[in-house]
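Down below is the structure, laid out as structure tokens.
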2 protein chains.
Amino acid sequence: MHSPLAFPVQLRQNTISVLDETKLPLEETYIQVKTLKDALQALGRMKTRAFGQVLLFFYACVLSGEIEEVAAAFQKTRPTFDFFQLADVLKKASQKTPTLKEAVESIIEGFDEKRKVRAQRLAEILPHEARILTICNVNGELIYLSEALKGIGKTATFFVSETRPYLQGRRLTLWELRRAHIPAQVLCDNQAAVVMKKGLINCVVTGSDRSTEKGDIINKIGTYALARLSHYFKIPFYVLIQFPRALAVEEIAIEERPPEEVFMWLDGKGPWPEALYPSFDVTPSEIISGWMDISGDARCA
Amino acid sequence: MHSPLAFPVQLRQNTISVLDETKLPLEETYIQVKTLKDALQALGRMKTRAFGQVLLFFYACVLSGEIEEVAAAFQKTRPTFDFFQLADVLKKASQKTPTLKEAVESIIEGFDEKRKVRAQRLAEILPHEARILTICNVNGELIYLSEALKGIGKTATFFVSETRPYLQGRRLTLWELRRAHIPAQVLCDNQAAVVMKKGLINCVVTGSDRSTEKGDIINKIGTYALARLSHYFKIPFYVLIQFPRALAVEEIAIEERPPEEVFMWLDGKGPWPEALYPSFDVTPSEIISGWMDISGDARCA
């Protein structure tokens, strides 16, 4: 069973169809993107995140035919992800195919295969009765993970940290898991330490927006606190990492989002500009137990 | 400048006036309590919390004249707090006054004096430029603390963890601090680790619902994670503790609130019964730097 989040962005003729993640779980609606300007708007308004951004980047290149221009515009809108490196990947792939569109299709097909392989490798490492704490959303990969665990006679239950302020855990991950009939419970981010202390979970699995050669990762705010607490409680902490990688954390621009977004998804009342909003955090490699790379690498500490 | 939360419950003739904390910060409204049944309803629906519950208990005793009955009913509705011990305090005090009402008044006046003394003592310990992380709400005491710091030439800035799911930090603490023109910023609970790592704060101050002789505390969920992270970052963690105390954590019943409350204050859509909701957590004395007792004791680790 596929999650709609496994491919939240698709190219149909000359239009990119983007799953509006801000409307989930209440509505499953798609917005239509026809120009680079539309794409940047969808990106800036967080209509799609993470893997969806990667897909949107590739399809926007197909639409406009201008890889460098699309990369520069995407990079400006969402600085944490490395779109220039994606551009390099695409340019390299397009040398082997007659059209840019075919290059994009081959990359994306490859991605999905690799995500399944990565889920298999992680499944082999996880406990027999895996009680997995997760945060944010990894675009359908937890469903692949659950299937992979089942395939080798293991079981999976998920504990989903709600992931303030955007509530990706509560809105996206809980939704996709329940839709696939996979046992999942949500908890507030500040409850994770107690869930760990009580022994309710036996591993943590998160995604990452960026990672370095050394294994430091940058991911949605809250990831670092989970890793720090897992380390204290000796609970293994595994990360699904993306390619491409950076050399060091200092090379990566960490996006600061507008303070009013701290209050998103709450009662809608405001404004309360007196807010801090670091939107990502850095987790050092020393407190990570294992890394599963999209390119097929699995490495344990 | 007093916070309305410093005395959220008041007795006027034969009616108890209760500040409806669930409506803050959008409306400052009071509900009228005339019977024990009304009082229990206000208590169960979280119209008042913490110190407000203590006040409500005392005034409900004056209203009905039945200390034991009120204590048993309150205890059943909110098991984490020790209303039986409050009943003992009241019975003892009432032996020295002609009426129960006068006993209650003397206890409550004493409370406020003690809260101010406690704020003074804590101010002496805090850094010169105190950048204080707090969670939940301590009923106006941070305003006393800010005044006490100013009185000895120190400064205070507050970082308020929003305190999911009830958002007491965002709704109550941020509101009362800004109302008193005290610098304060809110952050999501999962951002505290990063704020600590970046050195934005130099101390943590929280309240506690219960505490033990040894110094373990029970407080709003999320407190333990903050203490654990503070300990890692070597940031002093101070607790305002209540009387009375219990001998051990095991003696204290920790309330589990209904799972649907995990989704309170969000978009109001649901239900999402697949939720965990431990509403309080335990912080062991080993990771607490200092305790300020309402009865005047100040103790540092």
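Here, each number is a calculation from the coordinates, and none is a lab measurement. If you're wondering where the values come from, they're calculated on a predicted model, not measured in any experiment. All Cβ positions, glycine included, derive from the backbone under ideal geometry; neighbour counts span all protein chains shown.
What residues have an amide H closer than 5 Å to that of B:Asp209, excluding those fewer than 5 places away on the same chain, when H is modeled at 1.01 Å from N in the peptide plane?
Here the answer is B:Ile218, B:Asn219, B:Lys220, since their amide H atoms fall under 5 Å of that of B:Asp209.
Hey, what angle do you get for helix A:67-77 against the long axis of chain A, alpha-carbon based, 0 to 90 degrees rounded to 10?
50
Over chain B, what is the relative contact order in percent, taking alpha-carbon pairs closer than 8 angstrom and at least six residues apart?
On the way: 571 pairs, mean separation 46.2, N = 301.
Dividing the mean separation by the residue count of chain B yields 15 percent.
Using only the alpha-carbon atoms, how far is helix A:51-64 inclined from the longest principal axis of chain A? Give it as 0 to 90 degrees, nearest 10.
So the inclination is approximately 0 degrees.
Using only alpha carbons, build the gyration tensor for the stretch A:167-251 and give me the equivalent ellipsoid semi-axes, biggest first, whole Å. Could the numbers behind the result be given before it?
On the way: eigenvalues 116, 60, 24 Å².
Ellipsoid semi-axes (Å, largest first): 24, 17, 11.
Run through the other copies and list how far each one's label point is from that of A:Arg299, in nm with one decimal, shortest first; the point sits 7 Å from Cα along Cα-Cβ.
In ascending order, 4.9 nm.
Average projected area of the Cα convex hull of the stretch B:9-111, in nm²? Please list the in-between numbers first.
Values: hull surface 24.4 nm².
Taking the Cα atoms of the stretch B:9-111, their convex hull projects to 6.1 nm² on average.
Could you go through the stretch A:182-192 in sequence order and give the Karplus-derived ³J(HN,Hα) for each residue, using 6.51 cos²θ - 1.76 cosθ + 1.60 with θ = phi - 60°, rounded to whole Hz, and x for Gly and Pro?
For the stretch A:182-192, the Karplus-derived couplings read 9, x, 8, 10, 9, 9, 6, 4, 7, 9, 4 Hz, x marking Gly and Pro.
For an R0 of 22 angstrom, estimate the FRET efficiency from the Cβ-Cβ distance between A:Thr15 and A:Glu109 and round to the nearest 0.05.
On the way: r = 20 Å, r/R0 = 0.93.
Once rounded, the FRET efficiency stands at 0.60.
In nm, what does the list of distances from A:Gly199 to its counterparts in the other copies look like, shortest first, when each label sits 7 Å along Cα to Cβ?
Result for A:Gly199, in nm, nearest copy first: 4.1.
Residue separation times 0.36 nm, minus the C-alpha to C-alpha distance between A:Glu286 and A:Lys34: what's the value?
Working: separation 252, 0.36 × 252 = 90.72 nm, distance 4.41 nm.
Length difference between fully extended and current span is 86.3 nm.
With θ set to phi - 60° and the Karplus curve 6.51 cos²θ - 1.76 cosθ + 1.60, what are the ³J(HN,Hα) couplings of the stretch A:44-49 in order, to the nearest whole Hz, using x for Gly and Pro?
These are the phi-based 3J(HN,Hα) values: x, 8, 6, 5, 9, 9 Hz.
Between B:Val194, B:Val70, B:Val160, which gets the highest mean-square fluctuation from a Gaussian network model of chain B, Cα cutoff 10 Å?
In the Gaussian network model the winner is B:Val194.
Amide H neighbours of B:Ser279 under 5 Å, counting only residues 5+ apart in sequence or on other chains, H built in-plane at 1.01 Å?
Counting only residues 5 or more places away or on other chains, the set is B:Arg257.
With θ set to phi - 60°, apply the Karplus curve 6.51 cos²θ - 1.76 cosθ + 1.60 along the stretch A:205-221 and write out the HN-Hα couplings as whole Hz, x wherever there is a Gly or Pro.
10, 10, x, 7, 7, 9, 8, 10, 4, 6, x, 5, 10, 10, 8, 2, 3
Quick one: dipole size for the stretch A:123-300, taken about the Cα centre, charges +1 on Lys/Arg Cβ and -1 on Asp/Glu Cβ, in debye to the nearest 20. Don't skip to the end; give the middle numbers.
On the way: 19 positive and 22 negative charges, 163 e Å.
I would put it at about 780 debye.
Identify, for chain B, the residue whose C-beta comes nearest the rotation axis onto chain A, and round that distance to whole Å.
Taking Cβ atoms only, the nearest residue and its distance are B:Asp189, 3.
On alpha carbon coordinates alone, what is the Rg over Rh value for chain A, Rh being the Kirkwood radius?
Details: Rg = 18.5 Å, Rh = 19.6 Å.
Result: Rg/Rh = 0.95.
Sorted from fewest to most neighbouring beta carbons within 10 Å, what does the list A:Met46, B:Met196 look like? Write down the numbers at each step before the final one.
Numbers: A:Met46 18, B:Met196 23.
Exposure proxy ranking, most exposed first: A:Met46, B:Met196.
Tell me the GluC sites (Glu not before Pro) within the stretch B:26-135 that lie in a loop according to DSSP and have at most 15 other beta-carbon atoms within 10 Å. Write down the numbers at each step before the final one.
Values: sites: B:Glu27, B:Glu28, B:Glu66, B:Glu68, B:Glu69, B:Glu102, B:Glu105, B:Glu109, B:Glu113, B:Glu124, B:Glu129; in loops: B:Glu27, B:Glu28, B:Glu66.
Sites meeting the loop and neighbour criteria: B:Glu27, B:Glu28, B:Glu66.
Run through the other copies and list how far each one's label point is from that of B:Glu28, in nm with one decimal, shortest first; the point sits 7 Å from Cα along Cα-Cβ.
4.8
Under the Kirkwood approximation applied to all pairs of distinct alpha-carbon atoms, what is the hydrodynamic radius of the stretch A:84-159 in Å?
Roughly 14.2 Å, rounded to one decimal.
Which angle from 0 to 90°, rounded to the nearest 10, does the C-alpha axis of helix B:223-233 make with the longest principal axis of chain B?
30
What FRET efficiency would be calculated for the residue pair B:Glu251, A:Leu247, taking the C-beta separation as r and a Förster radius of 60 Å, to the nearest 0.05? Intermediate values should be presented prior to the final figure.
Values: r = 54 Å, r/R0 = 0.91.
Working from the Cβ atoms, E equals 0.65.
Which of the trypsin sites (Lys or Arg not before Pro) found in the stretch B:12-50 are in a DSSP loop and have at most 13 neighbouring Cβ atoms, other than their own, within 10 Å?
Details: sites: B:Arg12, B:Lys23, B:Lys34, B:Lys37, B:Arg45, B:Lys47, B:Arg49; in loops: B:Lys34, B:Arg45, B:Lys47, B:Arg49.
Filter output for the stretch B:12-50: B:Lys34, B:Arg45.
Once you list every other residue whose beta carbon is under 14 Å from the beta carbon of B:His181, what net charge do they have if Lys and Arg are +1 and Asp and Glu are -1?
On the way: positive: B:Lys150, B:Arg178, B:Arg179; negative: A:Glu274, B:Glu147, B:Glu176.
Once positives and negatives cancel, what remains is 0.
Hey, with R₀ at 35 Å, roughly what FRET efficiency would A:Gln95 and A:Lys198 work out to, going by the Cβ-Cβ distance, to 0.05?
Details: r = 54 Å, r/R0 = 1.55.
For R0 = 35 Å, the calculated efficiency reads 0.05.
So how much slack lies between A:Gln85 and A:Lys214, counting 0.36 nm per residue of separation and subtracting their Cα-Cα distance, in nm? List each step's numbers first, then the result.
Working: separation 129, 0.36 × 129 = 46.44 nm, distance 1.80 nm.
Net length gain for the segment: 44.6 nm.
Under a plain spin-label model, where a point goes 7 Å from the Cα along Cα-to-Cβ, how far apart in nm are B:Arg121 and B:Ile152?
About 1.2 nm separates the two model spin labels.
Based on the inverse mean of 1/r over its pairs of different Cα atoms, what is the Kirkwood hydrodynamic radius of the stretch B:121-300, in Å? Present the calculation step by step, with values, prior to reporting the outcome.
Values: mean 1/r = 0.0599 Å⁻¹.
Answer for the stretch B:121-300: a Kirkwood hydrodynamic radius of 16.7 Å.
Over all distinct alpha-carbon pairs, what is the Kirkwood Rh of the protein assembly as shown in angstrom?
Working: mean 1/r = 0.0389 Å⁻¹.
The answer is 25.7 Å.
Nearest 5 is fine: what % of DSSP beta bridges in the protein assembly as shown come out antiparallel, could you say? Show your work: numbers first, answer last.
On the way: 36 of 80 bridges.
Percent antiparallel among DSSP bridges in the protein assembly as shown is about 45.
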